[in-house]
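Colleague: First, the structure itself, so that you have it in front of you.
The values are calculated or read from the model by the stated rules, or taken from the named source; none is laboratory data. Source: prediction; values computed, not measured. Because the Cβ atoms are built from the backbone with ideal geometry, glycine has one as well, and the counts that use them run over all protein chains shown. With ligands, DNA and RNA removed, areas are computed over all heavy atoms of the protein, side chains included. Shrake-Rupley method; radii C 1.70, N 1.55, O 1.52, S 1.80 Å.
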Amino acid sequence: MKKFSVMVFSIIGLMLSGGGELKSNSYVFHEKVTILPTGTDGTAGTNAVYAYFGDWPQTVKSLDVTVDETKTITIGFNTYYLGSDNCYYAKLEEHGYSPEYKYSDGTPVLRSWPYDEKIKYFKVEPIKWRILTDNYNGVGRALLLAEDILDSRLVFYDGGGRKFCEYKSSSIRAYLNTKSYSDGCFLKSAFTENAQQKISFTNVENEDGTILTDKIFLLSLNDIKNNRYVFEQSNINSLIKYPTDYSLAKGIIKLFETEGSPWWLSTTECKAGKAWCILWNGKEGCNDSTIREYGIVPAITINLNGLK
């Protein structure tokens, strides 16, 4: 992976479009890749390049917003409800890991089991990405990594949830690209049909050496080890990722010292029953692959030149 050059975006411009936008009421679903202004802050500070693309539930609903469940829109496997602020909200039963955790508004994250269920609404917002390179693996496509941990409670089981397996047969991969039983599908729910067409297929290496071809994937251990300079610049470790309110409600674990959470990579160690991950401190770890409280940080590749 070559070092990313900001110059490419001075040519392409601040907004790259390749189709229309899905508008519903006043909320516009992000079918275009929108490069954010120079100086935008993020996990890598203000010198990196960030973009909006796609939409996902993230922030807990404000108390002054009411939700009308008679007004809905369905994107993929997700049904969203219209709020009084003309934004959409996902409904989710809380399964917080610890009652000591707090949402971004300071309210506690509740553990519903073994108590009565507690329903929360989470605002659908644009997904923010960091563009790591404009030439991933030398194929001329940009690599985008989600800035936040968008989901959790997914492990390296096969599709039936029966046993540990390699990434190629895992429920994580199925969830990201197709459908993982009751978990739905990230690709089809985070991106409209128009937006899905803008995402390239990417080769992902499995533990046994076979090459997988997916639109949504997890970074591999090699991605991290071979390109650490991309993640550690100016004394900032951008591998430290933080959970959204939505992933907190789904039961992700976090460390209070940094407020970061561990997130899975695609690299597995099948014989040991383990998978590689990025820990709270941004360093690599190899842990039990059945841990459900780790996060999911999707990656995609896009041909930016094709979106002019």
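Colleague: What residue, of Ala272, Ala299, Ala249, is surrounded by fewer than 16 Cβ atoms within 10 Å (Cβ to Cβ) and of a type in the set (A, V, I, L, M)?
Modeller: On inspection, the qualifying residue turns out to be Ala272.
Colleague: Quick one: count up the residues across segment 1-49 that are open to solvent by less than 40 Å² (accessible area, probe 1.4 Å), assigned to a strand (DSSP E or B) and at pLDDT below 90.
Modeller: Within segment 1-49, residues that are open to solvent by less than 40 Å² (accessible area, probe 1.4 Å), assigned to a strand (DSSP E or B) and at pLDDT below 90 number 3.
Colleague: Hey, another quick one. Within the bounds of segment 146-157, is there any residue that is open to solvent by 70 Å² or more (accessible area, probe 1.4 Å), modelled with pLDDT under 95 and out of contact with any His (no Cβ under 7 Å at 6 or more places or on another chain)?
Modeller: Checked segment 146-157: no residue is open to solvent by 70 Å² or more (accessible area, probe 1.4 Å), modelled with pLDDT under 95 and out of contact with any His (no Cβ under 7 Å at 6 or more places or on another chain).
Colleague: Next question. Scan segment 183-208 residue by residue and report those that are open to solvent by less than 10 Å² (accessible area, probe 1.4 Å), part of a helix (DSSP H, G or I) and not hydrophobic (A, V, I, L, M, F, W, C).
Modeller: Residue satisfying the conditions is Ser189 alone.
Colleague: In segment 165-182, which residue that is of a type in the set (Ser, Thr, Tyr) and open to solvent by 10 Å² or more (accessible area, probe 1.4 Å) is modelled with the lowest pLDDT?
Modeller: Here the residue is Tyr181.
Colleague: Please list, ordered by residue number, the strands (runs of 3 or more DSSP E) wholly in segment 235-308 having 1 or more residues that are farther than 18 Å from Ile127 by Cα, of a type in the set (Asp, Glu) and more than 16 Å from the chain's Cα centre (by Cα).
Modeller: Hits in segment 235-308: 263-269, 284-288.
Colleague: Restricting the search to segment 230-244, which residues are small (Gly, Ala, Ser) and modelled with pLDDT of 90 or more? I'd like the intermediate steps shown before the answer.
Modeller: Taking segment 230-244 as the starting set, the residues that turn out to be small (Gly, Ala, Ser) are 234, 238.
Within segment 230-244, no residue meets the criteria.
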